[in-house]
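Note sheet for the following structure.
Derivation of every value follows stated rules applied to the coordinates shown; laboratory data play no part. All values reported here derive from a predicted model rather than from experimental measurement. A quick note on method: Cβ atoms are made from the backbone with ideal geometry, for glycine too, and the neighbour counts reach across all protein chains shown.
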Amino acid sequence: MLRNFVFFIVILCNILIYSQIIIDTSFEAANLSSLKIYKIGKKTKSNDFRIDVMSKLDPANPVDTALKPSSRWFYFGIENIKNNKLYFNFINSDPALPFYSYDNINFKRMQLDKKKNSFYITPSKNKVYVSYFIPFTHSNLYNTEKVLLKSKFIKIDTIGFSYSNLPIKLYKITNFKKPDSIKKRVWIHSRIHTSESPASFLVDEMIKLLVSNSSYYHQMLDNIIFYVVPFANPDGVKYGLSRSNLQGINLEINWDKPDSLTAIEIKYLKEKFLHLNSQKKFDIVFNSHSQVRNRVTYWFHKPDSTSINKELHKKQLLLGYLGTDDKYFYPPFDQFSYIKPRYIEGQNWLINGDTTVALTFETSYGYYLDGFYGEKVDIKNINKIAKNILYSFNDYLMIPNKHRFVIDNDTTNGINNYNYYYFGKNYLLKNKGDKVTYNLSENLTGNYKIYKWDVDKNGFYKWIFKQKIALKNGNQTITFNVKDDNEFWDAILLVKN
């Protein structure tokens with residue numbers, strides 16, 4: 001309460017002339033430092049106002065003192081503004097296209113006035129809420145959990161507590177009737193940078209799909225354990241911070257610090273991760289983030305920063321390409337950096353080497369691919385991306401699944417070259433007139449579409465449709481005739497109609 005009262009006084013002191021306008025920051029995840037309002041134009045009856053918004057800074061970082069505190073996130077309510085045209089100027093933030101809501105539940109994007117280079121709304125109701133992106137708060141998480149706990153595929157545990165004593169939750173999602181020892185393992189965490197709420201919507205949809213009534217996901221959970229930390233920085237979510245915890249520590253780069261400089265949240269996350277990893281190494285680590293750039297991005301590691309044979313680099317690129325599609329990604333859809341132990345990816349490299357594929361994934365806040373002319377980011381297309389990512393996990397791990405099944409027949413005379421992103425230990429190059437045969441390890445029956453893992457004309461790796469096939473009991477092989485010289489042949493994907 002004291003915190004919100006102080007903000008309220010600061011805000012009131014900065015409102016010019018129009019004291020009848022009321023500011024509200026009395027709800028969770030609210031963020032506002034100051035707000036100034038100016039009437040536009042000389043006419044006294046003008047209803048146009050410019051609003052200068054200053055977001056509250058994160059606390060100063062006591063560990064990495066050279067890092068400037070972030071002020072990206074803003075989220076506040078404003079009253080007594082009905083039928084006025086409001087132009088917003090966000091002084092110390094960088095929204096792509098901010099949101100507003102009348103009920104603090106259903107959010108819409110503002111309009112952009114290109115001539116004024118300003119975002120604007122004309123509220124039809126007396127109060128409106130304004131936010132950087134659609135908020136995903138502790139209340140959202142709690143409401144989701146009430147539904148999730150009805151599922152037999154999920155257990156929710158608390159692995160520790162934040163600096164302000166909020167629980168750090170871990171979801172274990174799997175078929176608990178199957179032994180853990182036979183399963184692959186996937187670690188997912190989100191909201192280390194708490195302004196990045198699209199990352200929460202992405203992970204939330206992944207969880208909902210996994211515990212849904214779909215037999216496809218049931219078969220995934222027969223073979224995979226998902227460990228999910230929905231809020232790695234629960235204090236930051238609650239108190240409307242941008243990139244730090246309440247101490248001002250950027251948790252994303254805190255994984256290699258000595259105990260005296262390690263945030264309590266990272267201590268608990270690292271302890272639990274290492275414990276689970278000691279039981280059986282993780283196969284995939286997925287670090288969910290969001291970014292200002294108008295594209296969806298994976299962060300990969302430069303090939304010369306890890307193993308000599310570039311095995312980890314090849315695996316990362318394969319998993320990344322498997323999770324993409326032409327609509328939201330395009331080459332280059334990735335970014336490359338040297339692996340460093342201050343990140344969880346670097347910690348993975350130190351303890352797991354090539355075994356574990358650890359990637360940071362960035363959704364966008366504003367648009368996909370083409371800036372203001374592209375498709376806007378919304379919950380619906382975030383959900384599509386979430387589904388693609390789960391498909392990529394299933395395909396990469398080659399999980400037996402009668403709905404979606406990858407076949408890869410590595411041979412002793414195959415080619416191993418990390419410049420290609422392929423399944424297993426090698427791929428084949430075949431010439432015109434050759435035949436390529438795939439052996440079915442599962443007894444699949446029914447109608448399937450067959451896709452070939454290949455490179456399109458733009459150099460984009462993807463599943464490319466080949467043909468339809470009707471499989472009957474006893475079908476043990478699928479054979480293709482090679483039409484051109486030097487054809488790339490790797491895995492194929494069967495998707496049931």
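Here are a few things to note about the model shown:
- Full-extension gain in nm, Ser278 to Lys425, via 0.36 nm per residue minus C-alpha separation: 50.4 nm
- Reciprocal of mean inverse Cα separation for the chain (Kirkwood radius, Å): 24.7 Å
- For Phe161, the residues whose amide H sits under 5 Å from its own are Ile168, ignoring neighbours fewer than 5 places away on the same chain, with H placed 1.01 Å from N.
- The amide H of Ser118, built 1.01 Å from its N in the peptide plane, has Asp113 as neighbours under 5 Å, considering only residues 5 or more places off or on other chains.
- Computed label-point distance, nm, for sites Lys146 and Tyr102 using a 7 Å Cα→Cβ extension: 2.5 nm
- A DSSP coil position with no more than 16 other Cβ atoms inside 10 Å describes the following chymotrypsin sites (Phe, Trp or Tyr not before Pro) in segment 27-123: Phe27, Tyr102.
- The length gained on full extension between Leu261 and Glu442, counted as 0.36 nm times the residue separation minus their Cα-Cα distance, comes to 60.0 nm.
- The calculated 222 nm mean residue ellipticity attributable to helices in the chain amounts to -6500 deg cm²/dmol, summing -39500 (n - 2.57) over DSSP H runs of n ≥ 4 and dividing by all residues.
- Counted over all Cα-Cα pairs of segment 353-470, pairs farther apart than 18 Å make up 67 percent.
- Within segment 76-114, the trypsin sites (Lys or Arg not before Pro) that combine a DSSP coil assignment with at most 11 other C-beta atoms in a 10 angstrom radius are Lys114.
- Two-site FRET efficiency, Asp434 against Asn458, from Cβ-Cβ distance with R₀ of 25 Å, rounded to 0.05: 0.45
- Cut-off 10 Å between beta-carbons: net charge of the residues surrounding Gln291, Lys and Arg +1, Asp and Glu -1: 0
- Inter-label distance for Lys178 and Ser164, nm, one decimal - labels placed 7 Å from Cα along Cα-to-Cβ: 4.0 nm
- Using alpha-carbon coordinates, inclination of helix 264-279 to the longest axis of the chain, degrees: 10 degrees
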